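To start, the structure itself, in C-alpha cells.
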Amino acid sequence: MAGASGSPDNAPVAVARQFGEQVPHSRDLGMRVVAVEADQVRMRLAPQLWLLADDDAEEICTSVLYSLADSAAGLAVFAASGELTPIATLDLRMDYLRPAASDRALLAQARCLHLTDDVAFVHCDVLSEGREQPVATGKATFMRNTRGKRFQAAGEGDNSA
Amino acid sequence: MSGTTPGQSMPLEYGTDTNTRAAWRTLLARIPYARHLGLEIGQHRTGIELHLPYREALIGNIMLPALHGGVLGALIEITARVAAQSQDAAGRRPRILDCDIDYLRSARAQSTFASAEIVRQGRRTSLVQVTCRQVGTRAPIARGRVQLLFGAPVDNQEIDNDA
C-alpha cells in the first residue's frame, strides 16, 4: 500500500494518536489510540460510572460503543490511506451482540476493508478487555476528501508519493 | 426553542401529552450517559423530542467544525430507547439490538433535536425510526433505525459467565 512511503515506522501511530486523541468528544470520553498497523487501528476506552446505560445496570451504554467504533473506523481510513484528508461518515451500523460489562475497558479494533478515491469501507469489532468474544460489531462507509481544510498534525512530514 | 422545526416526519401522536413528557423525563433521568451528554426533553409543535444542547466536548471534527458521529449515535439510540420504553405497558427497559444511522449532512456546532417514530411496537421487540434536525436546516441532518428487545432483564451473571 502507498501509506508506507519512506516515513519512520512509528509515524502513523504518532500522527493517529495525536489526531485521534485531540478530537474533543474522544478526549471527553477518554479514548486512547493503542496501535496503528497498515489498515488497522486499535483504541481503548477505560470504564467510567457516567458511561453506564442505566442507574440499575452494570452495563456500559451502547452509545459509548457506537462512538468508540466510529472513532476507530475513521482512524482506520487514515491509517489505510496514509493521509489526513477530511472524511465524513456516510453510515454506520452497529450490532450489539452482548452487554458490555461496566468494570472492563472497551477495546475497538477497526480495519479498512476497501479504499477507493471517493469512499472507504470499514469493519469494527468492540470487545470487553480480557474477553474473547466481541460485545459489538459494526460496519461503516466513509466519504473521502470531503470539503474542509486538511487536518494539521504536528511533525507530519511531506511524504507525498 | 423556536417553533421553526418543520414537522415533516411523523412524530409520536401522543407526544404532547403531559404524562408522556413526565414518563420521558423519568426514563431519561436514569441514564448516566444521557446525563453526561446533557440530554433534555424538548417539545416541537407536533410532538415530544430530545434536545442535545451544544457543548464544545461534542465536537468530532475541529476543522469544520462538526459534531462527532457518535454524539448523534447517542442522541438517536437514547431517543429510541426512551420512546420504546415509554410505550411498553410494563415499562420494561429494552435492550438495544442494533442501530443503523445514515448521516445526511454535516452536524454543525449547535443544538440538535431528535424525534421518534415507532415503526412497530410488539410484545418482544420495538423498531424505532429517529430523525435529527438542527434549527436553520429544513432537511434532517441524520436518520437512524433502532431495533430493541424487551425480555427478561439482562442479568449480570450472563456477562460474567460469558466464555
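Residues of region B:43-59 that are facing another protein chain (nearest Cβ under 7 Å) and either among the polar types (S, T, N, Q) or surrounded by fewer than 24 Cβ atoms within 10 Å (Cβ to Cβ) (or both): B:GLU56, B:ALA57, B:ILE59. For region B:93-113, the criterion of being of a type in the set (A, V, I, L, M, F, W, C), in contact with a His (Cβ under 7 Å, 6 or more places away or on another chain) and surrounded by 17 or more Cβ atoms within 10 Å (Cβ to Cβ) is met by at least one residue. If you go through region B:14-37 and keep only what is modelled with pLDDT of 50 or more, open to solvent by 30 Å² or more (accessible area, probe 1.4 Å) and in a loop (DSSP other than H, G, I, E, B), you end up with B:THR16, B:ASP17, B:ARG30.
Considering only region B:61-88, state which residues are touching a Phe, Trp or Tyr at 6+ places or on another chain (Cβ under 7 Å), open to solvent by 20 Å² or more (accessible area, probe 1.4 Å) and among the β-branched types (Val, Ile, Thr). Within region B:61-88, none qualify. Only one entry of A:ASP103, A:ASP70, A:ASP56 meets the criterion of being open to solvent by less than 60 Å² (accessible area, probe 1.4 Å) and either over 22 Å from B:ALA109 (Cβ atoms) or within 11 Å of chain B (Cβ to nearest Cβ) (or both), and that entry is A:ASP70. Every condition in (1) within 14 Å of another protein chain (Cβ to nearest Cβ); (2) of a type outside the set (Ser, Thr, Tyr); (3) on the phi < 0 side of the Ramachandran plot holds for B:GLY38 except the one numbered (3).
Scoring B:GLN110 on the criteria (1) within 17 Å of B:LEU37 (Cα to Cα); (2) within 14 Å of chain A (Cβ to nearest Cβ) leaves a single failure, condition (2).
For region A:1-58, what are the residues that are in a helix (DSSP H, G or I), modelled with pLDDT of 95 or more and over 19 Å from A:ALA72 (Cβ atoms)? Once the filter is applied, which keeps residues that are in a helix (DSSP H, G or I), modelled with pLDDT of 95 or more and over 19 Å from A:ALA72 (Cβ atoms), region A:1-58 yields A:LEU49, A:TRP50. Restricting region B:114-125 to residues that are of a type in the set (D, E, K, R) and part of a strand (DSSP E or B) leaves a set whose member that is surrounded by the most Cβ atoms within 10 Å (Cβ to Cβ) is B:GLU117. Check whether at least one residue in region A:61-80 is part of a strand (DSSP E or B) and not aromatic (Phe, Trp, Tyr), and report yes or no. Looking through region A:61-80, none of the residues is part of a strand (DSSP E or B) and not aromatic (Phe, Trp, Tyr). A count restricted to region A:127-148 and to residues that are in contact with an Asp or Glu (Cβ under 7 Å, 6 or more places away or on another chain), assigned to a loop (DSSP other than H, G, I, E, B) and surrounded by 15 or more Cβ atoms within 10 Å (Cβ to Cβ) stands at 1.
Scanning region A:20-53 for residues that are in contact with a helix residue (DSSP H, G or I) (Cβ under 8 Å, 6 or more places away or on another chain), of a type in the set (Gly, Ala, Ser) and more than 7 Å from chain B (Cβ to nearest Cβ) returns A:GLY20, A:SER26, A:ALA35, A:ALA38.
The values are calculated or read from the model by the stated rules, or taken from the named source; none is laboratory data. Predicted model only: the values in this text are computed from it and were never measured. Counting neighbours? That spans all protein chains shown, and the Cβs are built from the backbone with ideal geometry, glycine included. Ligands, DNA and RNA are stripped out before the accessible areas are found, and what is left, the full protein with its side chains, is counted by its heavy atoms. Shrake-Rupley method; radii C 1.70, N 1.55, O 1.52, S 1.80 Å.
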